[in-house]
Amino acid sequence: YRSPLPPPPAPSSTCNLTLTPECGEDFDDGAWRILDIPHDYVVEGKVDQEKGDMSHGYLPVGKAWYRKHFSTPQVSDQQELAYLQFEGIMGAIEIYLNGVFVASKNASYTPLRFEVSKFLNDEGEENIIAVRVDGSDTDSWWYDGGGLYRKTSITFSPKIHLGQDGVYVPAIVEGDIVPETAENAAQASCRVPATVEVICHLDDCSGEKVSLGFSVLEIMSGSIISKGSTEGELENTTTTLDMDVGTEPMNLWSIAHPSLYTLTTTLYNKEGNILDISQINFGCRKAVFSANEGFFLNDVPTKILGVANHQDLPSFGAAVPDSLQAHRVKAMQAFGANAWRTAHNCPSSALLDAADKLGMLVWDENHKNGQTEEAATLVRRDRNHPSVIIWSICNEALCNADGNGNESPASMKAAQEIIDTYHLLDPLMGRMVSANQNGWDTNTTFLDLVGVDYAVETYDAVHELIPNKPIISSETSSAVSDRGEIANDYDNGIVKGYDTEAPSWGSTAQDSWGGVNVKASQGILTRQFVSGGFTWTGWDYKGEPTPTSWPSVSSHFGIIDSAGFWKDRTYWYSAWWKRDRELYIFPSWTGYDEGEQVTIWSFSNFPEVELYVNSASVGRQPMPTYGHVQWTVEFVPGNIEIRGYNAAGDFEAAKTFKLETVGNPVALQASIMDDVGAEGINSDGSSVGKVMVEVVDSEGRVVPLQEKSIIVEFRVSDNASIVGCANGNPNDHDSDIADRRSVYHGNVMAWVRVNRVANSRDGDEVRVTVLADGLESDVIIFKVRDHTSSNQEI
């Protein structure tokens with residue numbers, strides 16, 4: 001890997017050794033850095049106001065080369081075809097194999113696959129893949145990174161094989177549903193009329209006989225519930241065969257009980273020899289959108305409580321390891337989210353796997369209108385995921401297919417082509433097609449599901465205008481806040497933490513979801529016909545720091561910050577989405593002058609709450625549905641306490657929450673954050689652990705001040721390394737991949753990874769020591785877990 005680079009030459013059918021010697025077989029890359037992919041080279045750069053731009057977090061983008069040396073493996077005589085696959089490359093790319101040009105493309109989020117058999121050397125001989133990436137010209141207004149940021153592989157197949165993403169496993173509920181309980185999944189008979197695409201590269205495929213064998217495994221029980229076989233005859237280079245898996249009583253996939261099954265499909269030739277095998281996880285569920293009553297999952301009315309998210313994480317940028325996708329989903333579920341919008345692109349397949357396993361609904365988004373081929377790739381790959389309930393054509397400006405506006409004839413025609421593609425390739429799973437584009441919300445809309453982009457005050461009017469179409473808030477709120485801040489200071493990139501701030505097009509969480517300050521109380525939660533919505537955003541992300549600019553390098557939109565710490569606003573969602581009894585007050589009770597006026601807010605779903613300052617009541621108030629209560633009090637050192645009551649007039653509080661005036665920092669306290677790595681870190685470097693550090697006083701209480709002067713260093717045992725650190729501060733310009741970071745409101749975190757070359761074994765320890773000048777240090781220990789994955793070194 002090498003970066004940066006000079007401007008690229010024009011793509012050609014040969015490797016130009018004069019202009020780009022890096023593409024050649026004999027180029028000496030011995031001094032290049034060795035790394036593992038996925039990899040994002042942009043996140044490794046330094047924040048620069050002049051060389052970077054605001055939308056991308058002021059990180060210069062540039063260009064890079066990657067080179068991979070590998071030997072042609074020993075494969076069976078039948079495996080004559082080789083495919084080079086990239087799940088995601090960000091930027092304009094050129095690909096060379098053994099010095100021969102393979103392809104060029106303006107790539108981004110959609111998987112790419114190339115047949116490269118003719119370029120490979122003989123078995124056992126060395127091959128060299130060279131990939132040039134130029135990420136400097138993208139159509140995004142957010143951080144999208146650069147490089148080989150998802151998995152890359154070479155696979156081998158016989159001349160007759162299963163099509164890439166060619167097995168379609170629709171599971172259709174038939175008859176009555178036995179409702180789910182807290183302990184058990186819902187059940188129903190499910191018909192699974194699978195289809196299997198067979199690809200043939202013989203000179204004459206017509207009449208070639210093949211057979212398919214299948215089995216269905218229930219993942220939870222480990223039981224085979226169905227098996228069988230079918231025979232077929234090939235017609236041409238692509239043949240689709242029916243494979244009726246049968247009607248069986250099945251546990252239904254749902255948010256609470258994400259029941260999954262595995263279909264194993266085996267392709268045989270006429271002699272009965274195995275040609276190819278496919279394994280696909282799927283689920284049976286019934287998803288219905290009603291124009292008047294909202295969304296139903298397995299006949300249960302279900303409000304879609306969604307978050308829109310970009311794909312980056314601190315230290316990794318766009319190259320988030322597959323093993324962390326479950327963490328990203330769980331972080332949203334922790335405050336009650338049940339749906340994820342993949343803004344604004346085809347997601348990582350590992351994200352959808354995590355959503356399937358954890359019970360997270362998904363709005364699956366195509367990157368841009370007019371990219372029908374990319375939309376087809378997305379739907380073929382993702383159509384077997386039960387979590388996916390909505391296909392999206394595009395988002396806002398990306399719906400403009402020809403430069404003449406989103407409502408131009410060409411844009412409308414392109415959108416209809418994508419809708420037809422979705423319906424053609426996924427005809428049986430009941431998924432709606434939508435878009436985040438208000439210009440298509442007319443009484444002649446071609447959308448299956450009307451997506452309203454913000455404009456919460458128009459819900460009633462849209463429903464009246466389009467009464468026979470279901471409606472969803474495709475993007476909402478855009479409230480902004482920073483963790484722990486009590487006042488705006490836009491010049492220094494600071495947004496206060498109260499739920500009061502939103503850009504002109506947006507609204508607070510209380511208004512957008514609860515209709516609190518909206519005409520006729522129009523809100524997502526107050527209108528049954530609104531199927532749900534997607535808050536912009538769940539996680540904070542790099543770039544797009546509305547409403548500030550420099551020095552901010554990341555967004556303020558997130559319900560949680562980029563490091564995964566909860567903001568004050570998070571507790572509103574926890575109260576009204578999660579619906580467990582929530583009781584919270586803020587801001588902290590530390591850092592004020594005595595007698596200073598402090599505005600205290602409470603988010604809660606208790607009917608009544610009461611605030612106490614040093615055990616003296618300052619008032620009991622009813623909690624408005626979907627709102628908040630507040631008091632302004634004088635600061636007196638000691639404590640403030642909120643008490644929640646189950647009913648108006650109750651004497652005894654059902655729950656209390658207290659904040660105290662804390663002392664000076666004396667120590668660091670380390671723990672495993674969000675259970676990431678709690679069950680062990682993979683020995684091959686494919687997973688990470690997450691270390692949380694809190695700055696505490698002599699009584700072990702978190703000191704919640706900014707304290708930028710406290711720099712925490714993470715030292716790790718020789719068998720591991722620190723990937724990077726984060727603190728959630730949108731104005732921190734320190735490197736994402738360093739082993740130290742300043743504290744932000746009492747917290748900082750780091751990622752730790754086992755070094756693959758360390759040969760660590762199951763049960764070995766990884767010790768992480770956290771240190772800061774003048775403070776007592778701490779140690780946290782992770783266990784190593786044996787794990788072997790494909791070699792992604794490059």
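Suppose we keep only residues that are touching a Gly at 6+ places or on another chain (Cβ under 6 Å) and closer than 18 Å to M332 by Cβ within the range 575-611. Which one would you say is modelled with the highest pLDDT?
Step by step, filter the range 575-611, then rank; the result is W577.
Quick grid of which residues meet (1) open to solvent by less than 30 Å² (accessible area, probe 1.4 Å); (2) under 19 Å from R132 (Cβ atoms); (3) hydroxyl-bearing (S, T, Y); (4) at pLDDT 90 or above:
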residue: D28; (1), (2), (3), (4): no, yes, no, yes
residue: R33; (1), (2), (3), (4): no, yes, no, yes
residue: E44; (1), (2), (3), (4): no, yes, no, yes
residue: V47; (1), (2), (3), (4): no, no, no, yes
residue: G52; (1), (2), (3), (4): yes, no, no, yes
residue: W65; (1), (2), (3), (4): yes, yes, no, yes
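Just one of (1) out of contact with any Lys or Arg (no Cβ under 7 Å at 6 or more places or on another chain); (2) open to solvent by 30 Å² or more (accessible area, probe 1.4 Å) trips up I172, so point out which.
Looking at each condition in turn, I172 falls short on (1).
Here's a check for you: in the range 708-761, which residue that is under 25 Å from the mean Cα position of the chain (by Cα) and of a type in the set (G, A, S) is surrounded by the fewest Cβ atoms within 10 Å (Cβ to Cβ)?
In this case the residue turns out to be A738.
Looking only at the range 545-574, how many residues end up being part of a strand (DSSP E or B) and surrounded by fewer than 24 Cβ atoms within 10 Å (Cβ to Cβ)? Break it down into steps so the answer makes sense when it comes.
Taking the range 545-574 first, the residues part of a strand (DSSP E or B) are 554, 560, 566.
Among the residues that remain, those that are also surrounded by fewer than 24 Cβ atoms within 10 Å (Cβ to Cβ) are: 560, 566.
Selection size over the range 545-574: 2.
Residue check: is E125 of a type outside the set (S, T, Y) and more than 30 Å from P314 (Cα to Cα)? Show your work before the answer.
Details: of a type outside the set (S, T, Y): yes; more than 30 Å from P314 (Cα to Cα): yes.
Judged against the criteria, E125 is a match.
In the range 400-419, how many are surrounded by fewer than 18 Cβ atoms within 10 Å (Cβ to Cβ), part of a helix (DSSP H, G or I) and among the polar types (S, T, N, Q)?
1
Let me spell it out: the conditions are (1) in contact (Cβ under 8 Å) with a residue 60 or more places away in the chain; (2) open to solvent by 10 Å² or more (accessible area, probe 1.4 Å); (3) among the charged types (D, E, K, R); (4) closer than 25 Å to A194 by Cβ, and E373 meets all of them except one. Which number is the exception?
For E373, the exception is condition (1).
Would you pick out the residues in the range 516-534 that are surrounded by 24 or more Cβ atoms within 10 Å (Cβ to Cβ) and either of a type in the set (V, I, T) or part of a loop (DSSP other than H, G, I, E, B) (or both)?
Of everything in the range 516-534, those that are surrounded by 24 or more Cβ atoms within 10 Å (Cβ to Cβ) and either of a type in the set (V, I, T) or part of a loop (DSSP other than H, G, I, E, B) (or both) turn out to be G523, I524, V530.
Look at the range 229-238 and say how many of its residues are over 35 Å from the mean Cα position of the chain (by Cα) and either touching a residue at least 24 places away in the same chain (Cβ under 8 Å) or part of a loop (DSSP other than H, G, I, E, B) (or both). Explain how you work it out, then say what you get.
At the first step, the residues of the range 229-238 found to be over 35 Å from the mean Cα position of the chain (by Cα) are 229-237.
Retained after the next criterion (residues that are either touching a residue at least 24 places away in the same chain (Cβ under 8 Å) or part of a loop (DSSP other than H, G, I, E, B) (or both)): 232-237.
The total comes to 6.
Can you list residue pairs whose Cβ atoms sit under 7 Å apart, with the first residue in the range 387-404 being within 20 Å of V307 (Cβ to Cβ) and the second being open to solvent by 10 Å² or more (accessible area, probe 1.4 Å) and in a strand (DSSP E or B)? Count only pairs 6 or more apart in sequence or on different chains.
Between residues of the range 387-404 that are within 20 Å of V307 (Cβ to Cβ) and residues that are open to solvent by 10 Å² or more (accessible area, probe 1.4 Å) and in a strand (DSSP E or B), the close pairs are I389/A287; I390/M432; E396/D453.
So A397 ticks every box in (1) open to solvent by 10 Å² or more (accessible area, probe 1.4 Å); (2) of a type in the set (G, A, S); (3) in contact with a Leu (Cβ under 8 Å, 6 or more places away or on another chain) but one. Which box is left unticked?
(3)
Conditions tested, residue by residue: (1) of a type outside the set (V, I, T); (2) under 34 Å from the mean Cα position of the chain (by Cα).
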{"site": "V192", "(1), (2)": "no, yes"}
{"site": "E208", "(1), (2)": "yes, no"}
{"site": "I224", "(1), (2)": "no, yes"}
{"site": "K227", "(1), (2)": "yes, no"}
{"site": "T240", "(1), (2)": "no, yes"}
{"site": "M250", "(1), (2)": "yes, yes"}
{"site": "I255", "(1), (2)": "no, yes"}
{"site": "G272", "(1), (2)": "yes, no"}
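Inside the range 161-191, can you point out the residues that are among the aliphatic types (A, V, I, L, M) and not in a strand (DSSP E or B)? Even if it seems obvious, please write down each step before you answer.
Applying the first criterion (among the aliphatic types (A, V, I, L, M)) to the range 161-191 yields 162, 167, 169, 171-173, 177-178, 182, 185-186, 188.
Correct list: V169, A171, A182, A185, A186.
If you go through the range 738-787 one residue at a time, how many are of a type outside the set (V, I, T) and not in a loop (DSSP other than H, G, I, E, B)?
Taking the range 738-787 and keeping what is of a type outside the set (V, I, T), we get 738-742, 744-747, 749-751, 753, 755-756, 758-765, 767, 771-778, 782-783, 785-787.
Now drop any that are not not in a loop (DSSP other than H, G, I, E, B), which leaves 740-742, 744, 747, 749-751, 753, 756, 758, 765, 767, 771-772, 775-778, 782-783, 785.
Qualifying residue count, the range 738-787: 22.
So that you can scan it fast, the table gives a plain yes or no per residue for (1) in contact with a Gly (Cβ under 7 Å, 6 or more places away or on another chain); (2) over 30 Å from D176 (Cβ atoms); (3) open to solvent by 20 Å² or more (accessible area, probe 1.4 Å):
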{"site": "F296", "(1), (2), (3)": "no, no, yes"}
{"site": "Q311", "(1), (2), (3)": "no, yes, yes"}
{"site": "R328", "(1), (2), (3)": "no, yes, no"}
{"site": "Q333", "(1), (2), (3)": "no, no, yes"}
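Which residues, taken from the range 692-728, are in contact (Cβ under 8 Å) with a residue 40 or more places away in the chain and not in a strand (DSSP E or B)?
R701, V703, P704, L705, Q706, E707, I710, S717, D718, N719, N727, G728
For the range 298-346, which positions are hydrophobic (A, V, I, L, M, F, W, C), in contact (Cβ under 8 Å) with a residue 40 or more places away in the chain and more than 21 Å from N727 (Cβ to Cβ)?
Matches in the range 298-346: V300, I304, L305, V307, A308, A337, A339, W340, A343, C346.
Scan I154, I224, I199 and give me the residue that is without any contact (Cβ under 8 Å) to a residue 12 or more places away in the chain and either part of a strand (DSSP E or B) or surrounded by 17 or more Cβ atoms within 10 Å (Cβ to Cβ) (or both). Before you say what the answer is, go through the steps one by one.
Numbers: I154 fails: without any contact (Cβ under 8 Å) to a residue 12 or more places away in the chain; I199 fails: without any contact (Cβ under 8 Å) to a residue 12 or more places away in the chain.
It is I224.
From the list E501, E464, E485, E475, which residue is within 20 Å of K303 (Cα to Cα) and acidic (D, E)? Full working, then the answer.
On the way: E501 fails: within 20 Å of K303 (Cα to Cα); E464 fails: within 20 Å of K303 (Cα to Cα); E485 fails: within 20 Å of K303 (Cα to Cα).
Sole residue among the options that is within 20 Å of K303 (Cα to Cα) and acidic (D, E): E475.
Considering only residues that are polar (S, T, N, Q) and within 16 Å of M250 (Cα to Cα), which ones fall in the range 160-211?
Filtering the range 160-211 for residues polar (S, T, N, Q) gives 164, 181, 184, 187, 189, 195, 206, 211.
T181, N184, Q187, S189, listed by residue number.
The values are calculated or read from the model by the stated rules, or taken from the named source; none is laboratory data. On a predicted model such as this, the values are computed, not experimentally measured, just so you know. Neighbour counts are summed over all protein chains in view; Cβ atoms, including those assigned to glycine, are modelled from backbone coordinates with ideal geometry. The area values use the complete protein model at the heavy-atom level, side chains included, leaving out ligands, DNA and RNA. Shrake-Rupley method; radii C 1.70, N 1.55, O 1.52, S 1.80 Å.
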